[in-house]
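Heads up: the structure comes next, in structure tokens.
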Amino acid sequence: MPTPTLLQEVRRIGADAAPVDLRIVQGVIEEIAPAGGLAARADDEVVAAGGAWVGPGLWDHHTHMDQWSLARRRIDVSACASAAELVRTMAAAAGSGDRDRDPVLIGHGFRDGVWPDRAERALLDAAVPDRPAVAISHDLHTVWANGPALDLLARGLGRPLPEDGVLREADAFDATGQLSRVPEETLDGWIREAVRDAAQRGVVGVVDLEMGFGIEAWQRRMAAGADTLRVRSGIYPRDLERALRDGLRTGEAVEGTEGLLTVGPFKLVLDGSLGTRTAWVEDAYDADGTDHGLRALPAEEALALTRRAHDGGFVPALHAIGDRAVALALDIFEETGARGSIEHAQLVSEKDLPRFAELGVEASVQPEHAMDDRDVADRHWNGRTGRAFAFGSLVQAGARLRLGSDAPVAPLDPWISMAAAVTRERDRREAWHPEQRIPREIAWRASTDGRRSIGVGDTADLVLTAEDPLAVPASALRDMEVLGTIRAGAWTHRAL
């Protein structure tokens with residue numbers, strides 16, 4: 001167990017500003033008294049906090065930790081404003097010599113929704129002709145490959161892939177899985193760095209929705225020291241029967257991890273994404289009125305899978321971005337009687353807004369996506385953006401929000417998510433649909449697993465900050481100074 005800790009002269013976020021002393025014993029807040037009111041015990045570690053603010057630790061409720069760790073080491077192509085600029089960036093990286101050790105040259109983060117040109121295999125072939133090269137979109141729903149990479153991926157998957165080298169949805173996910181195959185010890189080392197960096201931003205826990213069987217991976221990682229965060233590891237359809245045979249249920253602690261690893265939700269993807277223009281929508285993307293995006297699987301199959309998971313003790317988390325997909329997800333929750341979450345909910349019909357609260361369904365949203373995708377939405381969802389990323393409308397309709405990043409789609413940093421939700425602005429641009437802002441306290445609770453403040457008896461999962469996040473200018477949230485992070489009474493980051 002961690003050493004008992006006495007925090008002297010701290011101020012509680014979400015409470016009055018009077019300084020207090022706070023004692024942590026065996027991972028729990030044992031005592032709180034006015035500053036100077038708690039005498040140090042012989043075994044206490046005494047920390048003079050100097051008036052720092054302390055509150056519940058932060059959670060990111062939607063991450064892909066393997067992909068986040070990998071993306072941090074790939075070529076950043078997120079700023080490329082065209083296909084031509086991307087291939088120039090990839091060509092320069094190929095010629096730099098510092099990536100010769102990588103068998104495949106991989107760029108990450110392109111956003112082609114407002115490009116003046118198109119991704120084409122021939123462009124990437126010309127730029128990088130003599131080695132496999134791919135670029136992965138920011139939302140992971142598109143992979144753009146040159147000829148050598150396409151051949152390599154097709155052999156690995158054992159099936160032909162589109163000859164134009166632009167892979168979408170299932171093909172893209174399978175290709176990304178192939179590209180993510182690095183030695184376990186290498187990936188685990190990168191994961192350790194990622195969770196350490198998350199702790200530096202006050203994060204105590206994540207919901208990991210990586211597409212593999214994460215339970216085993218996290219058991220291994222935590223045993224090897226990657227125990228900085230609590231992890232709720234999701235289950236996908238391909239692993240559902242195995243999970244049911246093993247007796248797993250959402251919320252249960254996994255043996256051998258001291259309660260840090262728990263079984264997460266059952267994740268089911270119902271449609272595509274806005275960035276790839278495959279989100280399943282009511283109003284067509286094209287002038288012909290025929291392209292409504294993609295429904296990932298038939299409604300009957302989605303219902304049967306969700307019912308099977310729910311009956312087996314899993315809480316469903318249904319990926320739905322377009323308004324048709326959101327309506328289908330709500331129908332599934334109504335039919336099964338399950339309580340769970342809709343992941344993303346980026347475009348919601350007005351008639352479906354109150355159904356979230358009526359059915360007890362949470363909206364698990366990623367506010368920074370609204371800042372990243374505003375131009376794409378203005379182009380492809382023109383006339384509908386008043387109900388796009390409609391966080392304010394969801395709150396007004398009584399829905400409970402949970403905030404996340406969908407890392408690597410956005411950085412794993414809850415302060416960024418809170419800032420985007422509260423301000424709807426970034427990069428000195430005017431606020432985008434400011435009517436969809438949400439109150440700061442709601443953003444705070446949605447980033448702390450529902451906690452407002454801290455009290456005696458609470459688990460000591462804490463963040464310490466230089467300023468009160470509920471009082472600073474909203475624009476300052478993105479750069480909030482974190483002085484310390486405590487998980488179950490143990491320091492995971494300390495700058496005091």
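The values are calculated or read from the model by the stated rules, or taken from the named source; none is laboratory data. This structure is a prediction, so every number in the text was calculated from the model and none was measured. Backbone-built Cβ (ideal geometry, glycine too); neighbour counts: all protein chains shown. Please note that ligands, DNA and RNA were not included when accessible areas were found on the heavy atoms of the full protein model with its side chains. Shrake-Rupley method; radii C 1.70, N 1.55, O 1.52, S 1.80 Å.
Per residue and in cubic angstrom, what volume does the convex hull of the Cα atoms of the chain have?
Numbers: hull volume 75.7 nm³, N = 496.
Convex hull of Cα atoms, per residue: 153 Å³.
Between Arg249 and Arg478, what length in nm is gained on full extension when 0.36 nm per residue of separation is reduced by their alpha carbon distance? Write out the running numbers ahead of the final one.
On the way: separation 229, 0.36 × 229 = 82.44 nm, distance 3.56 nm.
Full extension of this stretch gives 78.9 nm more.
In the range 62-89, which residues have a backbone nitrogen under 17 Å from the label point lying 7 Å from Arg196's Cα in the Cα-to-Cβ direction?
In the range 62-89, the label zone of Arg196 (backbone N under 17 Å from the point 7 Å along Cα→Cβ) covers 69-70, 72-73.
Can you compute the charge dipole magnitude of the range 1-62 about its Cα centre, using +1 on each Lys and Arg Cβ and -1 on each Asp and Glu Cβ, nothing else charged? Give it in debye, rounded to the nearest 20. Can you show the working numbers first?
Values: 4 positive and 9 negative charges, 22 e Å.
It comes to approximately 100 debye.
Determine Rg/Rh for the range 1-132; Rg is computed over alpha-carbon atoms and Rh is the Kirkwood hydrodynamic estimate from the same atoms. Walk me through the numbers on the way to the answer.
Details: Rg = 26.2 Å, Rh = 19.6 Å.
With Rg and the Kirkwood Rh in hand, the quotient comes to 1.33.
Can you tell me the length gained on complete extension of the stretch Arg384 to Glu163, counting 0.36 nm per residue apart and subtracting the Cα distance?
On the way: separation 221, 0.36 × 221 = 79.56 nm, distance 3.43 nm.
Value of the extension gain: 76.1 nm.
To the nearest 0.05, what FRET efficiency results for Trp115 and Ala223 with a Förster distance of 60 Å applied to their C-beta separation? Display every interim value, and only then the final one.
Working: r = 45 Å, r/R0 = 0.75.
For R0 = 60 Å, the calculated efficiency reads 0.85.
What FRET efficiency comes out for Asp427 versus Arg131 if R0 is 30 angstrom and r is the Cβ-Cβ distance? Round to the nearest 0.05.
For R0 = 30 Å, the calculated efficiency reads 0.30.
Can you give me the relative contact order of the range 201-318 as a percent, contacts being Cα pairs under 8 Å and 6 or more apart? Walk me through the numbers on the way to the answer.
Numbers: 190 pairs, mean separation 26.9, N = 118.
Averaging sequence separation for qualifying contacts and normalising by length gives 23 percent for the range 201-318.
Please list Asp43, Asp239, Asp227 from largest to smallest accessible area, probe radius 1.4 Å, with all protein chains kept in place.
On the way: Asp43 90, Asp239 25, Asp227 60 Å².
Sorted by accessible area, descending: Asp43, Asp227, Asp239.
Report the paramagnetic label zone for Ala466: residues of the range 481-496 whose backbone N is under 20 Å from a point 7 Å from Cα along the Cα-to-Cβ axis.
Correct set: 481-486, 492-496.
Take peptides 83-95, 424-436, 361-373 and line them up by average Cβ neighbours within 10 Å, highest first, as a rough protection proxy. List each step's numbers first, then the result.
Details: 83-95: 18.2, 424-436: 14.4, 361-373: 25.4.
Packing proxy ranking, top to bottom: 361-373, 83-95, 424-436.
May I ask what percent, to the nearest 5, of DSSP beta bridges between residues of the range 16-134 are antiparallel?
Here the antiparallel bridges make up roughly 60 percent for the range 16-134.
Extending each Cα 7 Å along its Cβ direction at Glu334 and Leu496, get the distance between those two points in nm, one decimal.
5.0
Keeping the other protein chains in place, figure out the carbon and sulfur percent of the accessible area of the range 413-496, with a 1.4 Å probe.
Values: 1560 of 3400 Å².
Heavy-atom surface of the range 413-496 belonging to carbon and sulfur, 1.4 Å probe: 46 percent.
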